[in-house]
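*Asks:* Once you've had a glance at the structure underneath, I'll fire off some questions.
The values are calculated or read from the model by the stated rules, or taken from the named source; none is laboratory data. Just so it is clear, the structure is predicted and the values come from calculations on it, not from any experiment. With ideal geometry, Cβ positions are generated from the backbone for all residues, glycine too; neighbour counts draw on all protein chains shown.
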Amino acid sequence: MSTQPSPSDFSALTRDKLRYRDTDRQGHVNNAVFSTFFETGRVEMLYDFDQPLTPAGTAFVVARLAIDYVAEVVWPGEVEIGTSVRSIGRSSIRLDQALFQNGKLAAKAETVIVLMDESTRRSTALPETALERLRPYVMEKDASA
């Protein structure tokens, strides 16, 4: 994302409550907690227990997580996490994510997750049913440029 995203730029939005324990000595939310917020955004999009995206015997694993910190997040309050699919590969999904507090951008992330066969511990192709369910989350090319 070359421009500053806003929550409306994302195909999926979720919220997470800030906890006092998330803060560090400087009084703001510790940057390590940001990865937890991005996980919340991914999980909201990818996991539906009634209609699993992954076939039995497979699981998503994070292959890459790159975070750009833009502004501090302060307790108390909540954050909003935007998540969109940038691209879909044979066995991987590239996500664009952003973290907002009070509508202000706090961080951006690029996350790559890979579908892994739990018995072989190797990547495996995404099934067509997963591709169909992910397509509505693909963001427009100009929004992710």
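*Asks:* How many residues, within the range 23-40, are crowded, with 16+ Cβ neighbours inside 10 Å, modelled with pLDDT under 95 and in a helix (DSSP H, G or I)?
*Replies:* 0
*Asks:* Name the one entry in ARG19, ARG15, ARG64 that is out of contact with any strand residue (DSSP E or B) (no Cβ under 6 Å at 6 or more places or on another chain) and at pLDDT 90 or above.
*Replies:* Just a single option satisfies the conditions, and that option is ARG19.
*Asks:* While we're here: Would you confirm, using the coordinates I've provided, whether GLU44 is of a type outside the set (Val, Ile, Thr), farther than 30 Å from THR124 by Cβ and in contact with a strand residue (DSSP E or B) (Cβ under 6 Å, 6 or more places away or on another chain)? Walk me through how you get there before you give the answer.
*Replies:* Details: of a type outside the set (Val, Ile, Thr): yes; farther than 30 Å from THR124 by Cβ: no; in contact with a strand residue (DSSP E or B) (Cβ under 6 Å, 6 or more places away or on another chain): yes.
Taking the combined requirement at face value, the residue does not satisfy it.
*Asks:* Checking the structure you have, find out if any residue of the range 114-132 is within 25 Å of ARG25 (Cα to Cα), crowded, with 18+ Cβ neighbours inside 10 Å and not hydroxyl-bearing (Ser, Thr, Tyr).
*Replies:* No, the range 114-132 contains no residue that is within 25 Å of ARG25 (Cα to Cα), crowded, with 18+ Cβ neighbours inside 10 Å and not hydroxyl-bearing (Ser, Thr, Tyr).
*Asks:* Based on this model, can you work out whether ALA59 counts as part of a loop (DSSP other than H, G, I, E, B) and small (Gly, Ala, Ser)?
*Replies:* no
*Asks:* Looking for something more than 15 Å from ALA109 (Cα to Cα), hydroxyl-bearing (Ser, Thr, Tyr) and touching a residue at least 12 places away in the same chain (Cβ under 8 Å) - is there at least one such residue anywhere in the range 65-84?
*Replies:* Checking the range 65-84: not a single residue is more than 15 Å from ALA109 (Cα to Cα), hydroxyl-bearing (Ser, Thr, Tyr) and touching a residue at least 12 places away in the same chain (Cβ under 8 Å).
*Asks:* Within the range 60-70, is even one residue more than 18 Å from LEU13 (Cβ to Cβ), hydroxyl-bearing (Ser, Thr, Tyr) and either under 15 Å from the mean Cα position of the chain (by Cα) or surrounded by fewer than 19 Cβ atoms within 10 Å (Cβ to Cβ) (or both)?
*Replies:* yes
*Asks:* Report yes if some residue within the range 76-96 is modelled with pLDDT of 95 or more, loosely packed, with under 12 Cβ neighbours inside 10 Å and in a strand (DSSP E or B); otherwise report no.
*Replies:* no
*Asks:* Can you tell me which of ARG25, ARG19, ARG42 is basic (Lys, Arg), touching a Phe, Trp or Tyr at 6+ places or on another chain (Cβ under 9 Å) and more than 21 Å from GLU132 (Cα to Cα)? Spell out how you get there, then give the answer.
*Replies:* Numbers: ARG25 fails: touching a Phe, Trp or Tyr at 6+ places or on another chain (Cβ under 9 Å); ARG42 fails: more than 21 Å from GLU132 (Cα to Cα).
The match here is ARG19.
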